[in-house]
1. Quick one: Debye curve from the C-alpha atoms of the stretch 93-155, no solvent, what's log10 I(q)/I(0) at q = 0.20, 0.24, 0.29 Å⁻¹?
2. Once all Cα-Cα distances of the stretch 184-301 are split into 10 Å bins that start at 0, what whole-number percent is in each one?
3. Rounded to two decimals, what ratio of Rg to Rh does the chain give with C-alpha atoms and a Kirkwood Rh?
4. Add -39500 (n - 2.57) for each DSSP H run of 4 or more in the chain, then divide by its residues: what number comes out at 222 nm, to the nearest 500 deg cm²/dmol?
5. What is the percent of Cα-Cα separations in the stretch 235-440 that go past 27 Å?
6. Once you have the Cα-Cα distance between LYS278 and THR162, take 0.36 nm times their residue separation minus that, and quote the gain in nm to one decimal.
7. Let me know the charge dipole size of the chain about its Cα centre in debye, to the nearest 20, where only the beta-carbon of Lys, Arg (+1) and Asp, Glu (-1) is charged.
8. Determine the principal axes of the Cα atoms in the stretch 312-424, then give the extent along each, sorted from largest to smallest and rounded to whole angstroms.
Amino acid sequence: MKFSSLLLILVFVLFSCKTKEKKPFDPKPETQKIEAKNQNEEWEGIMSSIVKIDSYDGSRILESGQGFFVAENLIVTKYSLINQANKVLVSPFDSDKKFTSNKYVAFDRINDLIILQVDSVKRKPIGLFSGTVPNSAKTMYISSASGKTIQLFTGKVLNLATARGTKLYRITNRVRKSTFGMPIFVSNKKAIGIAFSATVNYEMQSFAIPSSFIFGLLQKRNNVAESLESLRSNSNAKVSAENRKIRGLVLETDFGNITIRLFNETPEYRDNFIKLVKEHYYDSLLIHRVIADFGIQSGAADTRYAEKGDLVGYKGPGYTVPAHIVPELFHKRGMIGSPRKPDTRNQRRRSDGSQFYIVSGRKYFDNELNELEEQNDYKFSSIQRQAYKTIGGSPHLDGTYTVFGEVISGMEVVDKIVKVETDREWRPLKDIRLKKITILK
């Protein structure tokens, strides 16, 4: 009896020990924090090439984020962190000192990148990953050291997708606002791009702007750095004087060339358009809106990488332009105007910063023009009436949309494009691109 009782007690103790050894379920989230004590040496060199960034307008701080060296005196970061600044203070992760930059050598509005030049400090550049990162590849980023320990955070690549008007890696790493612009690494410690987060489809997601865009920007960089102040100014007296002398611009499309001229009566629109042309902003954008009896529209930043079925036409260069309606410049056939948001969301009728339309229109009768006058509380001049009855246009836009240019030659190309088949959003079923725009001196 004693032996049986002892045996039962022994079994109970053994069972209890095994139960205590069993660990609770741990889901192990995709993004986790690792104290990389044993990896300090291999990450220390990289730490010195990552910087904290504070952008300033004079003494007023604007934005904070991060960036990293891509050449010994060049730092890449997000353009949107810098575009309103005239000075940037950078602080490498391995230093308490702050260094000033007020110059840039290249920027890309559509992909939200800028390369700053820093003359007062040099660092070893971080290697960039070439090619496309496969789905599920492990991703990492590091934060400034806590004591002597480097903080390493891991995640993975979900996919390379079209989002926010460009190609982006969707990643699982959690990216905070204060770390926008930081490098995202893969296992070979090469940067696949710079990180940020944004709300897409009503969900906060993390992204990396691919390193391929950084490679491209490095190749196009200026030999002479320009001031950050120039990013904030649309124009100045010297630039305006030069732009007044420009004879025209050639829009090269998949359907042929369209030559236009810009009006000096709307100088802010002229100078803004030419500035974007010089940046190559319009290169490879879609003619994304085609409407019979109206015309064609292009210049939306979210069309360069758009895929079939994507809703486009909602992304501009990050700013709008004040309305400048000149009564003598009206929407007759061949005129170029600037689209905008509806009055309900845009009481001052500010125009989109980059989009434009070319009017093909149709001819109108007097009774139609009379009805439009009554509906829009707008009076057509005898010159307008004559133009709309003989060559046609889009009179319903007069008085509410800015006209800033006209077609010199190539309206047959516009007419050809207007006839293509479109979807319900007026996007051509077969993509038509604005390949590039060339300035005629």
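1. Cα-only, vacuum Debye calculation for the stretch 93-155: -1.18, -1.18, -1.20.
2. Going from the shortest bin to the longest, the percentages are 9, 27, 32, 23, 9, 1.
3. 1.14
4. Result for the chain: -6000 deg cm²/dmol, rounded to the nearest 500.
5. Tail fraction, whole percent: 28.
6. Additional length available on full extension: 39.2 nm.
7. Here the chain has a charge dipole of around 1380 debye.
8. Extents along the principal axes, in whole Å: 40, 33, 29.
No value in this document is a laboratory result; all are computed from the given coordinates. This one's a predicted model, so the numbers in the text were calculated from it and none came from an experiment. Reconstructed Cβ throughout: ideal geometry from the backbone, glycine too, with neighbour counts over all protein chains shown.
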